[in-house]
Amino acid sequence: MDTFPRFTAAAVQASPVYLDPDATVEKAVGLIHEAAAAGATLIAFPEVFVPGYPYWNWTMNPVKGGEWFERLYRAAIDIPGRHLDTLRAAAAATKTTVVIGVNERGRHSLGVLYNSVLTIGPDGSLIAVHRKLVPTWAEKLTWTNGDGSTLRVHNTEVGPLGVLACGENTNTLARFALLAQGELVHVANYISLPVAPKDYDMADAIAIRTAAHAFEGKLFSVVSCSTVSEEIIDIVAGDDEEAAQMLRRERSALSGIFGPDGRPVSEPLVDKEGIVYGEIDLARCIAPKQMHDIIGHYNRFDIFSLNVNTAPQQPVTFNGEGGPLAEPEGALIGPWGEGEIAGYDQ
């Protein structure tokens, strides 16, 4: 690597327009332009920002939540599709790299929703789609597992970039798989989690996880978290005062930018909507590697090894031509070449 980009990163902390993909994408476009006007060339958005997180999994029983699953499915987006086109146009218009979480509809089944993270380049190209490997806890009622084909680091205008969604950032092997591909910029996106156990401080948990990955990998980590608006509380809780009180819990969100020493490069934002900006200089990742390079001299690959299955997982494989699937699911999700994704219309 001969050049080490220096740039401003922006971590957006905001609520979606709940279960409204058109309005949420419109809000995202406005925030992209706002962050770009402030000088940001990397803009990170929260987990499943479009069109929101299934909080009902935590506040009601699964049978009652079934109708909400249908609402989310209908409000989820297709890739490729018009919502993606709008986001791509905003990235191109502002010449920014945009990372944003979405609910993605699967093509082969009405029961498949993915927790996906999109990486869009400053030319408007769709660089990558990462699907959360394992939905966390109650999220299993909503999302289908991703697979190893999306566990990739991509060369971008802001450097080697990798992403993980929320609880994936506690998965040591997933994080190591990204580091071992040369990751220097990590984007971790989260949702505000006021429904966590009473002794769980989500803001602290996010900060610890983010600092740990930055320090262990000697890289920069940009973390973006959503907030819970009164609109979300009204829609999800309705007349349930206990659920409403739970959703208003403080210290449930944190966004910021952390450097290779594990420290924030600017003051993180807790709970409130806003944008956190931070200066990133990838040359700062060099010197710390001399002490601890866990993907190089500070490891023993003769003792330890990690194998990652990058084959796309499909519900059926047809041997021979003329099968009923005009576009196999595997064609949608890589592995991908630089700057484009096989099977996606650009």
Can we say Gly65 is open to solvent by less than 20 Å² (accessible area, probe 1.4 Å), out of contact with any strand residue (DSSP E or B) (no Cβ under 9 Å at 6 or more places or on another chain) and either in a helix (DSSP H, G or I) or modelled with pLDDT of 95 or more (or both)? yes
Considering only residues that are among the hydroxyl-bearing types (Ser, Thr, Tyr) and open to solvent by less than 50 Å² (accessible area, probe 1.4 Å), look in the stretch 70-108 and name the one that is farthest from the chain's Cα centre (by Cα). Thr94
Which residues, taken from the stretch 21-38, are open to solvent by 40 Å² or more (accessible area, probe 1.4 Å) and more than 22 Å from Ala253 (Cα to Cα)? Asp22, Glu26, His33, Ala37, Ala38
Quick one: would you say Phe7 is crowded, with 24+ Cβ neighbours inside 10 Å and of a type in the set (Phe, Trp, Tyr)? no
For the stretch 111-133: of the residues being over 13 Å from the mean Cα position of the chain (by Cα) and aliphatic (A, V, I, L, M), which is nearest to Val187 (Cα to Cα)? Ile127
Please verify whether Gly274 is open to solvent by 10 Å² or more (accessible area, probe 1.4 Å), modelled with pLDDT of 95 or more and closer than 18 Å to Leu42 by Cβ, treating the condition exactly as stated. yes
In the stretch 232-264, how many residues are assigned to a loop (DSSP other than H, G, I, E, B) and either free of Cβ contacts under 8 Å to residues at least 40 places away in the same chain or closer than 30 Å to Arg71 by Cβ (or both)? 9
Give me the strands (runs of 3 or more DSSP E) completely within the stretch 124-176, filtered to those with at least 1 residues that are open to solvent by 50 Å² or more (accessible area, probe 1.4 Å), ordered by residue number. 154-156
Residues within the stretch 47-62 that are open to solvent by less than 30 Å² (accessible area, probe 1.4 Å) and either of a type outside the set (A, V, I, L, M, F, W, C) or more than 18 Å from the chain's Cα centre (by Cα) (or both), tallied: 8
Quick check on my filter: what residues within the stretch 36-76 are in contact (Cβ under 8 Å) with a residue 60 or more places away in the chain and of a type in the set (Val, Ile, Thr)? Thr41, Val48, Thr59
Tell me which residues, restricted to the stretch 179-236, are charged (D, E, K, R), under 21 Å from Ile100 (Cβ atoms) and open to solvent by less than 30 Å² (accessible area, probe 1.4 Å). Glu183
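The values are calculated or read from the model by the stated rules, or taken from the named source; none is laboratory data. Bear in mind the structure is a predicted one, so any value in this text is a computation, not a measurement. Backbone-built Cβ (ideal geometry, glycine too); neighbour counts: all protein chains shown. For the accessible areas, the whole protein counts, side chains as well, though only heavy atoms, and no ligand, DNA or RNA atoms are used. Shrake-Rupley method; radii C 1.70, N 1.55, O 1.52, S 1.80 Å.
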